[in-house]
Amino acid sequence: MGFRLPAIRRASFTASKSAQAPKGCIAVYVGKTQKRFVIPISYLNQPSFHELLCQVEEEYGYDHPMGGLTILCSEDVFQHMTSRLSGQ
């Protein structure tokens with residue numbers, strides 16, 4: 001049984017080759033400064049990451065001018081979560 005992911009807007013900008021995420025990864029923009037992180041797509045199936053996406057959707061929605069997947073939590077929280085996921 002999979003999780004239903006919240007609706008994610010597609011990026012509204014054209015990325016150059018150097019800005020594209022590698023195969024099997026996705027670029028996300030985190031925090032107020034919109035720092036770009038590239039994470040494995042497999043993180044989207046993790047319950048803790050799914051919970052973060054649901055919290056962000058409830059608090060901020062996904063209608064952001066940047067396009068792409070924007071996660072408006074602190075960079076420290078995001079890095080802590082992804083470091084835990086990479087150790088699994």
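The values are calculated or read from the model by the stated rules, or taken from the named source; none is laboratory data. Treat the numbers as computed from the prediction; the structure is a model and nothing was measured. Glycine gets a Cβ as well: all are built from the backbone with ideal geometry, and neighbour counts include every protein chain shown. For the accessible areas, the whole protein counts, side chains as well, though only heavy atoms, and no ligand, DNA or RNA atoms are used. Shrake-Rupley method; radii C 1.70, N 1.55, O 1.52, S 1.80 Å.
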Per-region count, segment 35-47, residues closer than 17 Å to residue 75 by Cβ and surrounded by fewer than 16 Cβ atoms within 10 Å (Cβ to Cβ): 3
For residue 18: the one exception among (1) exposed (fewer than 10 other Cβ atoms within 10 Å of the Cβ); (2) at pLDDT 75 or above: (2)
Leading residue by the ranking (modelled with the highest pLDDT) among those in segment 55-85 that are among the aromatic types (Phe, Trp, Tyr) and either touching a Lys or Arg at 6+ places or on another chain (Cβ under 7 Å) or open to solvent by less than 80 Å² (accessible area, probe 1.4 Å) (or both): 78
